[in-house]
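Everything on this sheet refers to the single structure shown next.
The values are calculated or read from the model by the stated rules, or taken from the named source; none is laboratory data. Given the structure is predicted, the values throughout are model-derived calculations rather than measurements. Neighbour counts run over all protein chains shown; Cβ positions are idealised from the backbone, glycine included. The accessibility values were calculated without ligands, DNA or RNA, using every heavy atom of the protein model including side chains. Shrake-Rupley method; radii C 1.70, N 1.55, O 1.52, S 1.80 Å.
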Amino acid sequence: MLGNSPFFLLSASTHFWGPVVNWGIPIAAIADTQKDPSLISGNMTLALCIYSGLFMRFALAVKPVNYLLFACHATNEAAQITQGYRFLQYNKFGGKEKVEAEKVVKQQE
């Protein structure tokens, strides 16, 4: 019977739909890697790194282990670390000054 099949039980549970809906976060983070680094919020990036780290641990601690949730948060962790690197590069390691200097050179031409 369909109601007792393992696929139906998984697809009708939060073990499936929670991670599926959650994929919007890493997809948005990956898309944001193409945007200007001046738009990155360092606080939000740090918060999302902590959030994904905690949920990766949770995904492995629950029974049954939720590999879909783990993959979602591992992807988000990688994307947020990339965004964190871009934030630091731009705001702390001279990226902002480099962009401003390039604007001045273009204006002089």
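Summary of values
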{"read-out": "Derived scalar couplings ³J(HN,Hα) [region 88-98; Karplus, 6.51 cos²θ - 1.76 cosθ + 1.60; whole Hz; x for Gly, Pro]", "value": "5, 4, 6, 8, 10, 10, x, x, 5, 5, 4"}
{"read-out": "Spatially proximal aspartates and glutamates relative to K92 (Cα-Cα < 12 Å; intrachain offsets below 8 disregarded)", "value": "none"}
{"read-out": "Spin-label pair I50/Y85, simplified geometry with 7 Å Cα→Cβ offset, distance in nm", "value": "2.3 nm"}
{"read-out": "Equivalent ellipsoid dimensions for region 14-109 as semi-axes, Å, which come from the Cα gyration tensor, largest first", "value": "36, 12, 7"}
{"read-out": "Using θ = phi - 60° and Karplus 6.51 cos²θ - 1.76 cosθ + 1.60, couplings along region 72-84 (whole Hz; Gly, Pro as x)", "value": "4, 6, 5, 5, 5, 4, 5, 5, 6, 5, 4, 5, x"}
{"read-out": "Sequence of E109, E102 when ordered by accessible area, the most exposed leading, probe 1.4 angstrom", "value": "E109, E102"}
{"read-out": "Pairs of Cα atoms farther than 15 Å apart, region 24-65, %", "value": "54 percent"}
